1. Specify whether the C-alpha gyration tensor of the range 361-439 places it in the rounded, prolate or oblate class, a ≥ b ≥ c being the square roots of the eigenvalues: rounded for a/c under 1.5, otherwise prolate if a/b is larger than b/c and oblate if not.
2. How large a share of the accessible area of the range 63-181, in percent, is made up of carbon and sulfur atoms when the probe is 1.4 Å and the other protein chains stay in place?
3. Per residue, how large is the accessible surface of the range 169-210? Use a 1.4 angstrom probe and give square angstrom.
4. Ranking request for peptides 35-42, 397-404: highest mean number of other beta-carbon atoms within 10 Å first, then the rest in descending order.
5. Treat every Asp and Glu Cβ in the chain as -1 and every Lys and Arg Cβ as +1, leave all other atoms uncharged, and give the resulting dipole magnitude about the Cα centre to the nearest 20 debye.
6. Sorting Lys424, Lys68 by accessible area (1.4 Å probe), largest first, what list results?
7. Quick one: order Met384, Met343 from most to least accessible surface, probe 1.4 Å.
8. Between Gln359 and Thr56, take the C-beta separation as r, use R0 = 35 Å, and let me know the FRET efficiency to the nearest 0.05.
Amino acid sequence: MSVVALERVSPESQGLPSGAVLAWLDALAAEGLELHGFMMLRSGQVLAEGHWAPYTPDRRHHLYSLSKAFAAVGVGLLVHEGRVRLDDRVVDLFPDALPPVMGGHLRAMRVEDLLTMRTGHAADVSDALIAAGEGDWAAAFLAQPPEFAPGTHFAYNSAASFMLSALVQRVTGEVLLDYLRPRLLDPLGIQGGRWASNPRGVNLGGWGLHLRTEDVARFGQLLLNRGEWQGQALLPAWWVDAASCAQVPPGTAPGDEHSDWAQGYGYQLWRCRHGAYRADGAFGQFCVVMPEQDMVLAVTAGVGDMQRVLDHTWTHLLGGVQDAPLLPGAEAEALRLRCADLMLDVPEILDPPPLRDVQAHFTFDPNDEGWEAATLTVTGERGMLALDVQAPNTVCFTLNACEEQTLDTWGTTVALTVRAGWQKDGTLALTLLLIEEGARWDVHWAAPDGLLTVCLRAPHHGEGRVLTAQASTLRT
């Protein structure tokens, strides 16, 4: 199937000053908010876009909980096809996965309660699913008794999103991603996506979907158009309306009144301030739909403070947009050059290096990650970092270059991009980008005999967790 390209136009042609986009980029950079890619649309046209090297437009990115919006759409299509109803009881749809004893709250749980995160559980029960391992995750979910009557209590619950995926697979016989391809993804021009699955082959639903930044933008435009794409109705308008309104009233989600997490929750979509709504995922994956401005913003990122990304969006983008086209000025060319030259903050290069050849072995201080030891070797322009972590890994690198390889971690193999260089203070710095996961490990060695430090920035490790290792042997 041929993919129709999105039209590229100047921001001014759609009433947005290029200076507003530059101010948005400046504000994000000033706070160290690490974006990997973005795309802005108005009236279905691309106003601005960019990727921070080594991220590229064709790189697929883990969307984390933004995946939930696609899981909800899968159920919405089932409802539209008449194969499932919103008020169907969950226990009736999974009769072979029921616990021996069922309370009234579990019996009362409906499909719509899964969509709105009002299953009755007091907290997320995803740990019970992970603990089930190769067992039946649907059974593990149903074995967790809800403390409240379904429909009365909101608790953000990725396990409920997994159940949406399990429901689609149970009803259709297809994994969620395969079910969505001909109905949603192919018509949108979204190709090559992948969705991680549990050991029994069920797409995770609440996380694990990998798509390009532009794919997220296309999905957002579909929502903005109330389910229509290039003259074809891919989703019923009533479903988009129901999914994007506050099914969970404002104030029941965490945060104060000024938080974009306290404006209400729909079907796996969050309401925002300023009449907007969004799908989002850990570390700053965003699909922000702004109906009043006819705009969509897609972001893939590795940030810790997601609220600040939205704050700057409201201040600079919504604050600058106008109804009529504007005359282009010098800032238009400045924005074009800025977007073409975006790059992550990576180690600078010092030539010649302070130590040409070195080998050092390190022992990590006790830590919760289970990291024990590392060996660092540099010979000329080539180097190697051997890590004794969850699975032994050898990371190869070339000074002053990006190198692509893989890393075994979190029970799977992930894509890795490495950049390394000597610093002016004599430190050897390596940036390990788990590039499709939006995660980053920063490694610094205070040569010749100082500490090795590793800063883990990923949802799996928490924001900025630092591990340290002592040099036990050294050869230069």
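1. Note, shape of the range 361-439 comes out oblate.
2. With neighbouring chains kept in place, the figure for the range 63-181 is 50 percent.
3. With all protein chains present, the range 169-210 gives 37 Å² per residue.
4. So the order, starting with the most tightly packed, is 35-42, 397-404.
5. For this selection, approximately 860 debye.
6. Lys424, Lys68
7. Ranked from most to least accessible, the order is Met343, Met384.
8. On the way: r = 34 Å, r/R0 = 0.97.
Efficiency, rounded to the nearest 0.05: 0.55.
The values are calculated or read from the model by the stated rules, or taken from the named source; none is laboratory data. No experiment lies behind these values; they were computed from the predicted model shown. Counting neighbours? That spans all protein chains shown, and the Cβs are built from the backbone with ideal geometry, glycine included. What goes into the accessible areas is simple: the full protein's heavy atoms, side chains included, and nothing from ligands, DNA or RNA. Shrake-Rupley method; radii C 1.70, N 1.55, O 1.52, S 1.80 Å.
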